[in-house]
Amino acid sequence: MGKKRSRESDGQGDISMADPAAEKRDEDSSDDEDMDIVNVDFELFNYDSQIDFHGVKTLLRQLFDTDAQLFDLSGLSDLIVEQNTIGSTCKVDDKANDAYAFLTVLNLQEHRAKPPVAQLIEYLTERAKSSDGGLAGAVPALLASGKQHVGLVLAERLLNMPAEVIPPMWTCLVDEIEAAVEDKEPYEFSHYLVVSRTYREVASSLDQSERRQKKAREEAALQYFHPEDEEMRKHAAASGTYDFTKEGESVADSKRAFQEMGIKPCGLMMLIEADKFQGAVQAIGEYIGSAT
């Protein structure tokens with residue numbers, strides 16, 4: 001993927017990607033049939049308030065899972081799309097289409113008086129206190145101080161998006177933040193707080209005792225919806241997962257009644273010091289590049 005448009009221009013980058021499943025079938029085929037390779041061009045765009053509101057809102061709902069109902073997603077989406085020089089949407093074919101992925105950063109200090117951000121600050125503070133990592137000792141005090149500028153990083157994509165589109169989005173974000181700081185815009189952060197999702201495999205609760213269910217939860221290994229999160233956590237000053245507060249209200253066990261295993265999504269926060277952020281972004285590119 002080439003570099004996204006600059007802050008002053010309307011250029012765009014793209015990436016042509018072969019369907020790896022099709023390539024694998026081609027390699028493994030024992031007959032002489034020609035296998036098709038699917039090429040898809042992904043392009044990065046700045047936010048457009050006339051186009052991107054609904055696509056961003058849909059991805060935010062996916063990011064916050066069952067807890068999305070706790071927030072003013074419309075207000076939050078408005079804030080994101082109005083920052084049209086910071087962050088990216090990733091689309092196929094045309095700017096007018098809905099985003100397949102998005103990435104942005106919001107200055108929590110700059111926007112803390114706005115209801116959508118105030119809701120997020122309260123929510124992240126409480127979730128950090130209940131997390132399983134070292135967030136409780138760092139995040140609540142940092143968010144409550146009102147003195148340090150914390151960049152809240154929000155990113156989400158459709159589940160079938162290839163990971164190769166992600167490093168260019170993060171690289172563009174770093175470049176855009178640097179340009180904004182040079183222009184004296186409020187993007188000089190002391191820390192970045194990255195919000196994401198993870199999950200654990202869990203056995204269906206049908207026909208199981210409470211003890212077996214508890215043991216299954218304890219033994220389940222943490223999995224990542226976004227493979228880059230596993231690498232980014234290595235650069236975090238603190239990180240941890242937390243349960244969604246509304247998780248039991250809209251997820252019926254009948255959804256996995258005929259599956260041996262289901263999944264239990266949970267939230268993930270990573271607190272990264274500003275001087276470590278660029279290194280984390282570089283590591284993401286190297287990690288995804290080596291894994292493909």
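Per-residue Karplus couplings for the stretch 99-111, computed as 6.51 cos²θ - 1.76 cosθ + 1.60 with θ equal to phi - 60°, are listed in order as 6, 8, 7, 9, 8, 7, 9, 10, 7, 5, 5, 5, 10 Hz, Gly and Pro entered as x. Note on residue 181 and residue 82: with the Förster distance fixed at 22 Å, the Cβ-Cβ geometry gives a FRET efficiency of about 0.70.
Pairs exceeding 31 Å between alpha-carbon atoms, taken from 95/264; 184/264; 95/276; 114/276; 57/264; 114/184: 95/264; 184/264; 95/276. Here each label is just a point 7 Å from Cα along the line to Cβ, and for residue 245 and residue 141 those points are 2.4 nm apart. Rg over Rh for the stretch 143-191 works out to 1.08, using Cα positions for both radii and the Kirkwood form for Rh. A Förster distance of 22 Å, applied to the separation of the beta-carbon atoms of residue 223 and residue 126, puts the FRET efficiency at 0.35.
Ranked by the mean number of other Cβ atoms within 10 Å of their residues, highest first, the peptides 108-118, 125-135 fall in the order 125-135, 108-118. Close amide H pairs (under 5 Å, H built 1.01 Å from N) link residue 156 with 102, residues at least 5 positions away or on another chain.
Counting only C-alpha contacts under 8 Å and six or more residues apart, can you give the relative contact order of the stretch 57-164 as a whole percent?
The normalised contact order for the stretch 57-164 reaches 30 percent.
Our coupling estimate for the stretch 162-179, obtained by passing each phi through the Karplus curve with A = 6.51, B = -1.76, C = 1.60 and θ = phi - 60°, is x, 5, 5, 6, 6, x, x, 5, 5, 4, 4, 4, 4, 4, 5, 5, 4, 5 Hz, Gly and Pro reported as x.
Find the eigenvalues of the gyration tensor of the Cα atoms of the stretch 56-102, then list the square roots of 5 times those eigenvalues as equivalent ellipsoid semi-axes, largest first, in whole angstrom. Intermediate values should be presented prior to the final figure.
Values: eigenvalues 82, 35, 12 Å².
Equivalent-ellipsoid dimensions as semi-axes: 20, 13, 8 Å.
Per the Cα gyration tensor, the stretch 112-187 maps to an equivalent ellipsoid with semi-axes of 25, 20, 12 Å, ordered largest to smallest.
Computed from the coordinates by the stated procedures, all read-outs in this text should not be read as laboratory data. No experiment lies behind these values; they were computed from the predicted model shown. Every residue, glycine among them, receives a Cβ derived from its backbone with ideal geometry; neighbour counts consider all protein chains shown.
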